[in-house]
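Take a look at the structure below.
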Amino acid sequence: MNKYLQHFNPARSNTQPKRRVTAMSHTDTLKLTATQTALDRAAALLAEGQTVAFPTETVYGLGADARSGPAVARIYAAKGRPAFNPLITHLPDADMAKRHVAWTDTADELAAAFWPGPLTLVLPLRPGHGIASLVTAGLDTLAVRVPAHPTARKLLSTFGGPLAAPSANLSGRISATAASHVLKDLNGRIAAVIDDGPCPVGLESTILGLNGEQVTLLRPGGVSREDIETVLGRPLQDRDHSDVLTAPGQMQSHYAPSAAVRLNASSARDGEVLLGFGQMGCDFNLSTDADLAEAAANLFEFLHQVDRTGRPIAIAPIPATGLGVAINDRLRRAAAPRHL
Ligand code: TXA
Ligand code: MG
């Protein structure tokens, strides 16, 4: 079994009734399950240029046909996303990715080791790539990813084309790891959501920038730096933080709950909800066993739950090793001063 789907339980999909929507105005978002009939309906909406949220092993994505400017524009509109922040294109396999980007030996090595799975590769666009310029926000590179989640894979093969898909949340808010999170932010703003239970990894993909032999870590995520360096046999480069164009969208305040967030807390102060890690007294524990994979899978769900209490959040220290690097990255952004 693919290691990114260890916690995946296909029996958990729900059975909400289907409702019809008109093509352009979403008074209510259509709720779909992961049956083939529902995926046919979702693929038909995508072919009409509509937006559909779907589960991946990392977080729920908000998909649209990456070849269609108007379809991709609906993603930006639904999320309220700044137009300069480019999107990841999801594909069923590496061969499909090669149609759109200039492939390299390094890309081959990484894809063989980690695809399908939570790794995104940024590569130069190829001539005749066919991708709408709104996807890359005008850059000459494209972020490509082959997801491991069976429902994402079935949707991609049913649709038969590349899907641009950012995380299915309002821009700058907490990422969605359940269909209920998607609906909280986007109900009425998107055509449909496919509900297939919680996302097993719970953190977005690791993003690598590939420039010839040089590989730069643009965003830590579901595949750890250590695992990538083992495959490459050399260290990853670090992102140049002064160069916004190498990693647009890496804004400081991101994944932000409504309430204030305090990091590295050993106990709760007055009124705070304490999000713990390991053996400790707290309101929510990311992992009592101090297991970073479990903490990653719980992170956004717990932030959503704490956010609903409206109380300030204190978060215990999380070790900055393996998946803990990505967890700490998301927590720092959640705690950063808000620009909204
Ligand atoms: O796990 C994931 O990656 C999820 C699921 C849905 O696949 N997607 C996701 O997308 O996290 P999003 O849009 O929330 O984050 C994509 C990040 C953004 O920070 C964006 O700036 C960066 O990828 N990105 C996209 N294209 C890029 C490019 N050509 N060069 C550099 N960064 C890029
Ligand atoms: Mg996002």
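Which residues, counting only those in region 257-308, are part of a strand (DSSP E or B) and in contact (Cβ under 8 Å) with a residue 60 or more places away in the chain? Write out each step before concluding.
Keep residues of region 257-308 that are part of a strand (DSSP E or B), which gives 261-262, 273-276, 284-285.
Hits for region 257-308 are VAL261, ARG262.
The single condition among (1) of a type in the set (Lys, Arg); (2) surrounded by fewer than 24 Cβ atoms within 10 Å (Cβ to Cβ); (3) under 20 Å from the mean Cα position of the chain (by Cα) that LYS98 does not satisfy is (3).
Having 2 or more residues that are among the basic types (Lys, Arg) is the bar; report the strands (runs of 3 or more DSSP E) wholly within region 184-240 that clear it. Step through it out loud before you land on a result.
Numbers: elements: 192-194, 206-211, 214-219.
Ranges flagged: none.
Determine if region 168-176 includes at least one residue that is part of a helix (DSSP H, G or I), touching a residue at least 24 places away in the same chain (Cβ under 8 Å) and either touching a helix residue (DSSP H, G or I) at 6+ places or on another chain (Cβ under 6 Å) or not assigned by TED's automatic domain parsing to the domain that holds ILE327 (or both).
Keep residues of region 168-176 that are part of a helix (DSSP H, G or I), which gives none.
Among the residues of region 168-176, not one is part of a helix (DSSP H, G or I), touching a residue at least 24 places away in the same chain (Cβ under 8 Å) and either touching a helix residue (DSSP H, G or I) at 6+ places or on another chain (Cβ under 6 Å) or not assigned by TED's automatic domain parsing to the domain that holds ILE327 (or both), which makes the answer no.
Residue by residue, here is whether (1) hydroxyl-bearing (Ser, Thr, Tyr); (2) in contact with a Lys or Arg (Cβ under 9 Å, 6 or more places away or on another chain) holds:
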| residue | (1), (2) |
| --- | --- |
| VAL101 | no, yes |
| GLY130 | no, yes |
| LEU134 | no, no |
| THR151 | yes, no |
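Against the condition among the aliphatic types (A, V, I, L, M), buried (at least 20 other Cβ atoms within 10 Å of the Cβ) and either at pLDDT 95 or above or part of a helix (DSSP H, G or I) (or both), how does ALA77 come out, does it pass? Against the criterion (among the aliphatic types (A, V, I, L, M), buried (at least 20 other Cβ atoms within 10 Å of the Cβ) and either at pLDDT 95 or above or part of a helix (DSSP H, G or I) (or both)), ALA77 does not qualify.
Conditions tested, residue by residue: (1) over 19 Å from the mean Cα position of the chain (by Cα); (2) within 17 Å of PHE300 (Cβ to Cβ); (3) near ligand 1 (Cβ under 10 Å from one of its atoms).
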position: PHE114; (1), (2), (3): no, no, no
position: ALA143; (1), (2), (3): no, no, yes
position: HIS149; (1), (2), (3): no, yes, yes
position: PHE159; (1), (2), (3): yes, no, no
position: LEU163; (1), (2), (3): no, no, yes
position: ALA168; (1), (2), (3): no, yes, yes
position: SER171; (1), (2), (3): no, yes, yes
position: ILE174; (1), (2), (3): no, yes, no
position: SER180; (1), (2), (3): no, yes, no
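Of the residues making up region 132-167, those that are crowded, with 22+ Cβ neighbours inside 10 Å and in a loop (DSSP other than H, G, I, E, B) are VAL146, PRO147, ALA148, HIS149, PRO162, ALA165, PRO166. Whether a residue is within 13 Å of ligand 1 (Cβ to nearest atom) and among the acidic types (Asp, Glu) was assessed, and GLU204 passes this test. The one condition from (1) of a type in the set (D, E, K, R); (2) in contact (Cβ under 8 Å) with a residue 60 or more places away in the chain; (3) away from ligand 2 (no atom under 16 Å from the Cβ) that GLU204 does not meet is (3). Would you confirm, using the coordinates I've provided, whether ARG126 is among the charged types (D, E, K, R) and under 17 Å from LEU210 (Cα atoms)? Against the criterion (among the charged types (D, E, K, R) and under 17 Å from LEU210 (Cα atoms)), ARG126 qualifies.
The values are calculated or read from the model by the stated rules, or taken from the named source; none is laboratory data. Quantities reported herein were computed from a predicted structural model and do not represent experimental measurements. Cβ atoms come from the backbone with ideal geometry, glycine included; neighbour counts cover every protein chain shown.
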